[in-house]
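Data block below; observations after.
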Amino acid sequence: MARKKIALIGSGQIGGTLAHLAALKDLGDIVLFDIVDGVPQGKALDLSQSAPVEGYDASITGTSKYEDLKDADVVIVTAGVPRKPGMSRDDLLEINLKVMEQVGAGIAKYAPKAFVICITNPLDAMVWALQKFSGLPTNQVVGMAGVLDSSRFCHFIADELNVSIQDVNAFVMGGHGDTMVPLPRYSTVAGIPLTDIVKMGWMSKEKLEEIIQRTRDGGAEIVGLLKTGSAFYAPATSAIAMAESYLKDKKRVLPAAVYLNGEFGVKGTYVGVPVVIGAGGAEKVVEIALNSAEQKAFDKSVGAVEGLIEACKKIAPKLA
Ligand code: A3D
């Protein structure tokens, strides 16, 4: 069986980390792409030179030519600009929308069968635009945010309770922004929902609220510390989990931004929900039951994403 091919569009902080993780996990051959000539080539050479120590066989190359993406099985898109302190993800919309247009055309021409994972912010609007610009089927184009947001939630819970991260399973739905919806009822420690953990007195209600808010602000906290860019290790790890589930047909149930066609009462928008990811791409949206408070928070988040999509349509009328 031939090796799989993973194309990374954008070879910045996340792109380089994605390449390293994909190589370490033997997911396939890797092509790093960037418009800044030299960066993808330099990172590819550096990563290739760590292969003798790590023992991975992946071929890692760098390019600024879209044709080198030809027949990629997975494309992960980080092209664009990240946030600086004081910026919201939404401030990136106009500039990154133009990037999505170029990237979408490149994917359509050279890798129309690929499973595409978008990471560029503002995430839900960018993945919506990327699917439109590329014209690929909606089940083949998804956005990474929920795995990262849930992972942040997990980390804060495990840290607070002083328990193994292995026993924590947390879950965040909605758009990747201030309105995201961490769900304590569906987040567990060894199967015990966080709502019960509060009832048992293991964590106070106030602490849980604090953790929920810190999860929502998780990206901004790191932007504030780094000052020159945004998080990249955990975002790359999260996207690799999605790519691996697709490539190995693992059928993991992961929160991801997927196209909704009536599920959760939403139509025509990308937003974060639980989805089965396997060889068929985004195979099945898992429609969990939401109580009225959760539904209200989710609806608010969907409204925020729809607002960004309307803004995209104004900037690029052909998306309307
Ligand atoms: P950065 O290190 O700046 O890398 C972006 C790369 O994209 C740079 O190397 C650019 O040269 C390249 N680029 C710019 N325009 C183009 C283009 N037209 N074609 C190809 N490449 C281009 O940023 P990063 O890797 O830290 O972040 C990348 C994106 O991910 C940003 O939009 C971030 O906001 C976003 N991000 C999303 C999450 C989510 O959870 C969704 C988390 C963290 C970062």
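The values are calculated or read from the model by the stated rules, or taken from the named source; none is laboratory data. Quick caveat, the model's predicted, so the values are computed rather than measured. With ideal geometry, Cβ positions are generated from the backbone for all residues, glycine too; neighbour counts draw on all protein chains shown.
Would you point out which residue out of 133, 115 is within 13 Å of the ligand (Cβ to nearest atom), aromatic (Phe, Trp, Tyr) and buried (at least 18 other Cβ atoms within 10 Å of the Cβ)?
Result of the check over 133, 115: 133.
Checking the conditions here, which among 130, 136 is touching a Gly at 6+ places or on another chain (Cβ under 7 Å), under 21 Å from residue 263 (Cβ atoms) and of a type outside the set (Asp, Glu)?
On inspection, the qualifying residue turns out to be 130.
Is it the case that segment 185-201 has a residue that's without any contact (Cβ under 8 Å) to a residue 40 or more places away in the chain, in a helix (DSSP H, G or I) and within 24 Å of residue 311 (Cα to Cα)?
Looking for residues that are without any contact (Cβ under 8 Å) to a residue 40 or more places away in the chain, in a helix (DSSP H, G or I) and within 24 Å of residue 311 (Cα to Cα), one finds none in segment 185-201, hence no.
Could you grab me the full set of residues in segment 1-19 that are over 20 Å from residue 118 (Cβ atoms) and out of contact with any Gly (no Cβ under 7 Å at 6 or more places or on another chain)?
Once the filter is applied, which keeps residues that are over 20 Å from residue 118 (Cβ atoms) and out of contact with any Gly (no Cβ under 7 Å at 6 or more places or on another chain), segment 1-19 yields 1, 2.
When you check residue 227 against the structure, is it at positive phi, among the charged types (D, E, K, R) and modelled with pLDDT under 95, yes or no?
For residue 227, the condition - at positive phi, among the charged types (D, E, K, R) and modelled with pLDDT under 95 - is met.
Please go through (1) buried (at least 16 other Cβ atoms within 10 Å of the Cβ); (2) free of Cβ contacts under 8 Å to residues at least 12 places away in the same chain for residue 223 and return the number of the only condition it doesn't satisfy.
(2)
Which residue out of 158, 170, 145 is farther than 22 Å from residue 284 by Cβ and among the small types (Gly, Ala, Ser)?
Step by step, each of 158, 170, 145 is checked, and only 158 is farther than 22 Å from residue 284 by Cβ and among the small types (Gly, Ala, Ser).
Within segment 204-234, take every residue that is within 16 Å of the ligand (Cβ to nearest atom) and not in a helix (DSSP H, G or I) and give me the one that is nearest to residue 173 (Cα to Cα).
Across segment 204-234, the extreme among qualifying residues is 217.
In contact with a Phe, Trp or Tyr (Cβ under 6 Å, 6 or more places away or on another chain) and under 22 Å from residue 119 (Cα atoms): is that true of residue 233 in this structure?
no
Kindly check whether there is at least one residue in segment 138-146 that is over 30 Å from residue 65 (Cβ atoms), crowded, with 16+ Cβ neighbours inside 10 Å and either more than 14 Å from the ligand (Cβ to nearest atom) or not basic (Lys, Arg) (or both).
yes
Count, please, the residues in segment 39-48 that happen to be in contact (Cβ under 8 Å) with a residue 24 or more places away in the chain and either within 11 Å of the ligand (Cβ to nearest atom) or of a type in the set (Gly, Ala, Ser) (or both).
Number satisfying all stated conditions: 4.
Please work out if residue 237 is assigned to a helix (DSSP H, G or I), surrounded by fewer than 20 Cβ atoms within 10 Å (Cβ to Cβ) and not aromatic (Phe, Trp, Tyr).
yes
Of everything in segment 99-130 that's among the charged types (D, E, K, R) and without any contact (Cβ under 8 Å) to a residue 60 or more places away in the chain, which residue is farthest from residue 282 (Cα to Cα)?
Only one residue fits best here, namely 109.
Spot the failing condition for residue 254; the list is (1) surrounded by fewer than 18 Cβ atoms within 10 Å (Cβ to Cβ); (2) assigned to a strand (DSSP E or B), and only one is missed.
It fails just one condition, (1).
Give the residues of segment 6-35 that are within 9 Å of the ligand (Cβ to nearest atom), closer than 15 Å to residue 68 by Cα and of a type outside the set (D, E, K, R), sorted by residue number.
Once the filter is applied, which keeps residues that are within 9 Å of the ligand (Cβ to nearest atom), closer than 15 Å to residue 68 by Cα and of a type outside the set (D, E, K, R), segment 6-35 yields 9, 10, 11, 33, 35.
A quick yes/no check of all residues on (1) away from the ligand (no atom under 11 Å from the Cβ); (2) surrounded by fewer than 16 Cβ atoms within 10 Å (Cβ to Cβ):
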position	(1), (2)
57	yes, yes
70	yes, yes
77	no, no
95	no, yes
101	no, no
110	yes, no
119	no, no
128	yes, no
